[in-house]
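Colleague: Got a structure for you, questions after.
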Amino acid sequence: MQEISSYLAPRRLDQALQAMADGAATVLCGGTDLALQTESGARHYKAKLLNIRRIDGLTGIEVKADQVRIGAATTVSDIRGNPELATIAPVLVEAAEHFASEQIRNAASLGGNICNASPAGDMIPPLLVLGASVELACWRDGAVQTRLMPLEGFFVSPGKTVKLAEELLTAVVFDRPAADFVARFKKSGPRPALEISTVSLALGARLSNGKLSEVRVAMGSVAPTPLRARHVEAVLEGKALDAASIAAAVASAAEDAKPIDDVRASAWYRGHLVRVFVEEVLNDVRGN
Amino acid sequence: METKVTAAPIAKTTLIGQRVKKPDAPDKATGKTRYINDMVLPQMLIGKVLFAGRPHARIIRIDTAAAAKLPGVYAVLTGKDAAGLKFGFVRDNVALKDKVRCEHDEIAAVAAETEEIASRALELIDVEFEDLPGVFTPEAGAATGAPLVQEKFPGNKSLSFEFKHGDLAAAERASDFVVDNVFRPHHVTHCCMGTSCAIADFDHNGKLTIWTQTQYPYNYKMDLAPALGIDPGDIRVIQPPIGGAFGSKLDVYPYEPIAALLAKKTGRPVKVIYTREEEFRASPTRQAAIIHMRTGCSRDGTLTFRSADVLLDNGAYTSWGPTIPVIMMRTTSGHYRVPVVDFKAQAIYTNNPYAGSFRGYGNVQTTYATAQQMDMLADLVDIEPLEFHLKNAQKSGEYTPQQSFLRECALAECLETAAAASDYSRKRKEYAAARELPGRYKKGIGLASSIHNAGGAKIHKSDGIGTMLKVDDFARVTVITGASEIGQGIDAVITLIVAEELGVPLEHVTIVNTDSDIAPWDVGVHASRTTFIAGNGTRRAAKKAKAQILNAAAKMLGEPLETLELRGGSVVRDACGTPLIELERLLRRMHFQTEPELVMVSDYYEPNSEPEGAKHVSDHSAAYSHAVHIAEITVDTLTGEIKVDKVTVAQDVGRVINRMGLEGQIEGGIAIGLGYALSENMRLEQGLLKNPCFRDYKLITAPEMPPLDLHFIESNCAEGPYGAKGISELPTIVIAPAIANALHNATGVRIFNPPLSPEKVARAIFDAKQAGS
């Protein structure tokens, strides 16, 4: 049986981090993954259940001249409805559009989607192509300490990240995309709502004079973690976006995607979809 | 007594065909309804079941000592507590097992103060298994030397069926075209929103009261009694509101006798309620099958024969699933005019979950085959596809080879109506021509039709219903009926019919139908029978009450009986509508006199049909009906996703009774059928269910429901209430092959093993391209 000995819902970050300092707290925000995982027995509660929803400053979207910062407790609905993000990082809003269902979007947090570290986490590929970093905070030596690390290095395996048990993911930050930045997000699943991605794909790049640069391609559900598709990126970097480069990118997708068979799809279908999506997003960008 | 005539005349109106709301809708929509799942009785314990979790095994040892000692645990039962208490159609099941034959076999049960304690007790039960090799397909089960699932059934043979008509060899020789395919309809499950639940309580006279979700309360007693070793007469069945049944509650399943055995042992009420995961694993499935079907026709498009060789995956126990050939053969022989028929079916025990009845009952699987083969033949013959269908469509007055009498047959009208409304013939040609053109998205249109019993189905010797009706001293009507309400809307139909006959407001009708100690006998909600059977029963009872009321009025008012009518809550002169006395006043006077006359009538209605019989040659339903669905889809040829753009439905409903209920039943039926066609699939690996949750078992959700264009064809059934026929299964039956035919129209590929999931469609298109290039 799972025994929770205390439930905490602090107002201040330092209180939360102190409670986490012994590594014996389960963090609760939206609870949309946590509730299912503890119910099924896939995860067990630690002694303390720590609700971070009320912490001042952990929620909100801040768009500065050079940088965007999204608090970890910001809900997917907040991202979906944010007009500034819709202008400067529509790929993130697009992913929020396709996220689960209205009820789940209202509860689920951005930080939770990242820390859940599912290979199918919908918000992760767009953040990877935006070059996002995550801010991790902990209580050490009597003070709040923070570190910033690239999201790309954050994931270890399904459900596992490099975050320490005493650390809390407090925010996601990324540079404000350049004016010539283009991005796309694609997600597959047999139905329009409440679907776990069979495969997801995001593309982000600068497109100037028909040429791609700073190309980032990210894939979900094709490996144990969401990943950057380095081979596809290399094929496209510095190239003109034309039929030949698109074909080369499609051909290289298999170098990056190493999917498996599972209850939702076969490896063949996932590999097939990745190729279809690479071609689709590149053609779409080319068409604009 | 003088007659005062002051009020204005009351015009003649009818409720038949109007939109009437379900009486329980406001409570259900607002959350007021207390479902069985919500019920708590004083002193009630919670029962939980230990499932085997493996498909085939011997139980070497089962130790319940630690569980029994846990504080708050009142009883722990195992196989020995149910030993010899065999139940089921062929007595091959028992509430608690001493051997494991499928994953969800119930091997122990506990009753405890709370669900938490009961769950903890289950964890404390120590079981040692010896796993046995299993069989997981009917072919494997039928193979020589296959492990036996049920020791008393050699060769793993369960039920078998056969029907032959005409000279097959001669018909084959006379055929210019023959299509020959193997279809593999899959396992799906009902997904009732209310999970399985029963509450049992014994009194000290040994009488059992069971609150349950059953849809056949009377035969249920007969089926439950042997699982408990008690007299069926000692069982009282109470049916609280439930969250869906769809056929899944047409049999006794082990959780029900388990609740009763726990109640008997503890002397307290015991409730067993499944979690969603338990529901997926342990509730019945739709019957999976392998159908080898052949259909022939001559060059001019006249059907020559149809044969079907069917293997059924019986699963580990025999419920209604393996009896579906009774309907499969009616479709094989009666879907269009088939002069020569050869049907055989064999059910084979496997270590898979077992099938119950499910809306469409065998016809979903069969029509998936017959309607696709009709579409294939339509491409081979020399005439237009629609003409091919019309040429072979039966007409009123014809008999099928099994002697189903198609007294009113509107198949041709259904075909013509749906084809015209959807511009079927033009689009089918146009889309087929566009198949080879470039373009990722392809449009397709597909037609399917089927036949189904629409006036009950006399699978028992009787198919009737009892009805009692009283009109009280406030002119409020109570109908005490054997018809169960499981969400299908018989409550609205009964209310409407009583209001129609007695001229009372809909709100003045109350239905009592949830207690087997009160309501009269009925064979249950199945076979699209309730509006037909209970509708007739209600109407007959209402007419008897009306005759009594008008007689009393004639006497009291001194008016000629034949001039009187009930309308708008009053007795009126039929010809002019002049109200003579309010019904309420009349009823009060009837009650309050020296020799009171109470209005209490009863009726037993038996439909005009013949028992199915062992030879399967009988007019087993009092009516038959047809429906045509035309599905229009867009296929993403790269991802394989199918978007259903529109479905045109033309169905022979006999006559519309409650238009809103009819629309709802067709929409709901199509939602279930679309899930079957596109997304629902129990993923079984070696008998273990891999997707016991809604995350991975995909129902059709609201955004996926296509627009429906509904056309009700009114053939005016001579036997049905006001001309109505049963309607509720055809929508589920016809949609899947319409989608499959549309997929072929769009892409040229056919998929014989539903569902038409994106992956399967993408793979089929990809492989076809590889083969073609």
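The values are calculated or read from the model by the stated rules, or taken from the named source; none is laboratory data. Keep in mind it's a predicted model, so treat the numbers as computed, not measured. A quick note on method: Cβ atoms are made from the backbone with ideal geometry, for glycine too, and the neighbour counts reach across all protein chains shown. All accessible areas refer to the heavy atoms of the entire protein, side chains included, with ligands and DNA or RNA removed. Shrake-Rupley method; radii C 1.70, N 1.55, O 1.52, S 1.80 Å.
Colleague: How many residues are surrounded by fewer than 24 Cβ atoms within 10 Å (Cβ to Cβ) and among the polar types (S, T, N, Q) if we restrict to the stretch B:617-632?
Modeller: 1
Okay, residues lined up against (1) open to solvent by less than 70 Å² (accessible area, probe 1.4 Å); (2) touching a residue at least 12 places away in the same chain (Cβ under 8 Å):
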residue	(1), (2)
B:Asp63	yes, yes
B:Thr78	yes, yes
B:Val90	yes, yes
B:Arg101	yes, yes
B:Glu113	no, yes
B:Glu116	no, no
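Colleague: Given the structure, is B:Glu680 open to solvent by less than 40 Å² (accessible area, probe 1.4 Å), within 14 Å of another protein chain (Cβ to nearest Cβ) and modelled with pLDDT under 95?
Modeller: Considered against the rule, which asks whether it is open to solvent by less than 40 Å² (accessible area, probe 1.4 Å), within 14 Å of another protein chain (Cβ to nearest Cβ) and modelled with pLDDT under 95, B:Glu680 comes out as no.
Colleague: Would you be able to tell me the number of residues in the stretch B:749-765 that are over 16 Å from A:Ala265 (Cα atoms) and either among the acidic types (Asp, Glu) or facing chain A (nearest Cβ under 10 Å) (or both)?
Modeller: Going through the stretch B:749-765 one residue at a time, the tally reaches 0.
Colleague: Looking only at residues that are away from chain A (no Cβ under 14 Å) and out of contact with any strand residue (DSSP E or B) (no Cβ under 8 Å at 6 or more places or on another chain) in the stretch B:660-675, which one is most open to solvent (accessible area, probe 1.4 Å)?
Modeller: Here the answer is B:Met660.
Colleague: Going through the stretch B:540-566 one residue at a time, which ones are in a helix (DSSP H, G or I) and within 38 Å of the chain's Cα centre (by Cα)?
Modeller: Of all residues in the stretch B:540-566, those in a helix (DSSP H, G or I) come to B:540-557, B:561-563.
Those that are in a helix (DSSP H, G or I) and within 38 Å of the chain's Cα centre (by Cα): B:Arg540, B:Ala541, B:Ala542, B:Lys543, B:Lys544, B:Ala545, B:Lys546, B:Ala547, B:Gln548, B:Ile549.
Colleague: Somewhere in the stretch B:716-729, is a residue outside the structural domain of B:Tyr361 (by TED's automatic domain parsing), under 30 Å from B:Leu437 (Cβ atoms) and surrounded by fewer than 24 Cβ atoms within 10 Å (Cβ to Cβ)?
Modeller: Within the stretch B:716-729, none of the residues are outside the structural domain of B:Tyr361 (by TED's automatic domain parsing), under 30 Å from B:Leu437 (Cβ atoms) and surrounded by fewer than 24 Cβ atoms within 10 Å (Cβ to Cβ).
Colleague: Follow-up question, since we're still on this one. Pairs, please: C-beta under 7 Å, at least 6 apart or cross-chain, first residue part of a loop (DSSP other than H, G, I, E, B) and in the stretch B:245-256, second of a type in the set (D, E, K, R) and open to solvent by 10 Å² or more (accessible area, probe 1.4 Å)?
Modeller: B:Phe246/B:Arg359; B:Gly247/B:Arg359; B:Asp251/B:Asp223; B:Val252/B:Asp223
Colleague: Is it true that some residue in the stretch B:733-745 is crowded, with 19+ Cβ neighbours inside 10 Å, over 23 Å from B:Val179 (Cα atoms) and either modelled with pLDDT of 95 or more or within 14 Å of chain A (Cβ to nearest Cβ) (or both)?
Modeller: No.
Colleague: Here's a follow-up. Name the residue that is nearest to A:Asp122 (Cα to Cα), counting only residues in the stretch A:199-248 that are outside any strand (DSSP E or B), among the small types (Gly, Ala, Ser) and within 23 Å of the chain's Cα centre (by Cα).
Modeller: A:Ser221
Colleague: Could we say that B:Lys207 is in contact with a helix residue (DSSP H, G or I) (Cβ under 6 Å, 6 or more places away or on another chain), over 23 Å from B:Arg359 (Cα atoms), outside the structural domain of B:Glu729 (by TED's automatic domain parsing) and basic (Lys, Arg) here?
Modeller: Judged against the criteria, B:Lys207 is a match.
Colleague: Considering only residues that are open to solvent by 10 Å² or more (accessible area, probe 1.4 Å), in a loop (DSSP other than H, G, I, E, B) and within 11 Å of chain A (Cβ to nearest Cβ), which ones fall in the stretch B:683-704?
Modeller: If the condition is that a residue be open to solvent by 10 Å² or more (accessible area, probe 1.4 Å), in a loop (DSSP other than H, G, I, E, B) and within 11 Å of chain A (Cβ to nearest Cβ), then B:Arg683, B:Lys690, B:Pro692, B:Cys693, B:Phe694, B:Arg695, B:Asp696, B:Lys698, B:Leu699, B:Ile700, B:Thr701 are the ones that fit.
Colleague: Pairs only if they're at least six apart or on different chains, beta carbon under 8 angstrom, first in the stretch B:271-291 and within 14 Å of chain A (Cβ to nearest Cβ), second hydrophobic (A, V, I, L, M, F, W, C) and in a loop (DSSP other than H, G, I, E, B); list them, first residue then second.
Modeller: B:Arg276/B:Cys693; B:Arg276/B:Phe694; B:Glu277/B:Cys693; B:Phe280/B:Met682; B:Phe280/B:Cys693
Colleague: Right, here's the next one. Only one of B:Val644, B:Val635 is at pLDDT 95 or above and open to solvent by less than 10 Å² (accessible area, probe 1.4 Å); which?
Modeller: None of the others qualify; the one that does is B:Val635.
Colleague: Tell me whether the stretch A:190-198 contains one or more residues that are under 23 Å from A:Val76 (Cβ atoms) and more than 14 Å from chain B (Cβ to nearest Cβ).
Modeller: Scanning the stretch A:190-198 turns up no residue that is under 23 Å from A:Val76 (Cβ atoms) and more than 14 Å from chain B (Cβ to nearest Cβ).
Colleague: Right, next: Given A:Val156, A:Val172, which one is modelled with pLDDT of 95 or more and surrounded by fewer than 18 Cβ atoms within 10 Å (Cβ to Cβ)?
Modeller: Answer to the selection: A:Val156.
Colleague: While we're on this one: I need the full set of residues from the stretch A:266-281 which are more than 10 Å from every other protein chain (Cβ to nearest Cβ) and in contact with a strand residue (DSSP E or B) (Cβ under 7 Å, 6 or more places away or on another chain), in order please.
Modeller: A:Val274, A:Val278, A:Val281
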